[in-house]
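So the structure is just underneath, and the comments pick up after that.
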Amino acid sequence: MRVAALFSGGKDSAYAVHVAQQRGWEVAPLVSIVPEDSASMLYHVPNLHLVPLLGEAMGIPVVQERAGPGEDAELEALHRALASLDIDGVLVGAIASDYQHSRVNQVGDEIGLRVFAPSWRREPRDLLRDYLDSEMEIQFVAVAAEGFSAKWLGRSLDRAAADDLLQLQARHGVHPCGEGGEFETLVVNAPWFRQRLVVDEATAEWKSSSGSLRVTRAHIQ
């Protein structure tokens, strides 16, 4: 089984690659859609410029496709990226977003590809535990929900952070895996990586109750 992975560099898409590889599937290539709209509801946006480096770190080729503004243009970009590939299916990291899941399935149906979402409808606490058990090195690169502060930017998603996320869930209704857009992440290393991503420089921005961390210089080693 050969599958392309819709990949952003975040924990969900990286974990989906891990699950597929554990099943013995060949994951190639990583497909990265770069939307013009920074507030895209369909695609993860922060630090997409790092995906080629992450692909090199994982030893997996990368296909990047730019998308114009609007849902139609974003779906068209995904169709272009997948239609020319010699694959059996497409892998996504969706957890609970019917919006994303249904639209990727729509594109898959048009091309004749099966869509695999190994984390779909998983219980969030169990999935969060699996992220930790996988030993991915995960950093928070954006937060946008009540209870978060600028101190979360660049923080590692370790067991202490996971406990804090569960407290935020109890107090403020935050989804502990960030599926409601409460936070975004970047995976810098994992046991299945050949090399790690090293962040050399990053710029933090904070406005009102949300912020982001843009990596401006990085390398792999």
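The values are calculated or read from the model by the stated rules, or taken from the named source; none is laboratory data. What you see is a predicted model, and the numbers here were worked out from it, not measured in a lab. Cβ: placed from backbone, ideal geometry, glycine included. Neighbour counts: every protein chain shown.
Go through region 119-151 and report how many residues are of a type in the set (F, W, Y), farther than 22 Å from M58 by Cβ and surrounded by 21 or more Cβ atoms within 10 Å (Cβ to Cβ). Before you say what the answer is, go through the steps one by one.
Initially, region 119-151 is screened for residues of a type in the set (F, W, Y), giving 120, 131, 140, 148.
Among the residues that remain, those that are also farther than 22 Å from M58 by Cβ are: 120, 148.
This time we only want the ones that are surrounded by 21 or more Cβ atoms within 10 Å (Cβ to Cβ), so: 148.
Selection size over region 119-151: 1.
Which strands (runs of 3 or more DSSP E) sit wholly inside region 14-115 and have at least 2 residues that are within 25 Å of G181 (Cβ to Cβ) and of a type outside the set (A, V, I, L, M, F, W, C)?
On the way: elements: 26-35, 62-67, 89-91.
Qualifying strands (runs of 3 or more DSSP E): 26-35, 62-67.
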For region 84-118, enumerate the residues that are surrounded by 16 or more Cβ atoms within 10 Å (Cβ to Cβ), of a type in the set (G, A, S) and out of contact with any His (no Cβ under 8 Å at 6 or more places or on another chain).
-> G89, G93, S97, G108
Criterion: in a strand (DSSP E or B), among the hydrophobic types (A, V, I, L, M, F, W, C), over 19 Å from M136 (Cα atoms) and modelled with pLDDT of 95 or more - qualifying residue of A170, A218, A204 = A204
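Among the residues of region 130-144 satisfying the criterion of being of a type outside the set (D, E, K, R) and part of a loop (DSSP other than H, G, I, E, B), which is nearest to W120 (Cα to Cα)?
As a first pass, look at region 130-144 and keep what is of a type outside the set (D, E, K, R): 131-132, 134, 136, 138-144.
Cutting the leftovers down to part of a loop (DSSP other than H, G, I, E, B) gives us 134, 136.
Details: S134: 17, M136: 19 Å.
Result: S134.
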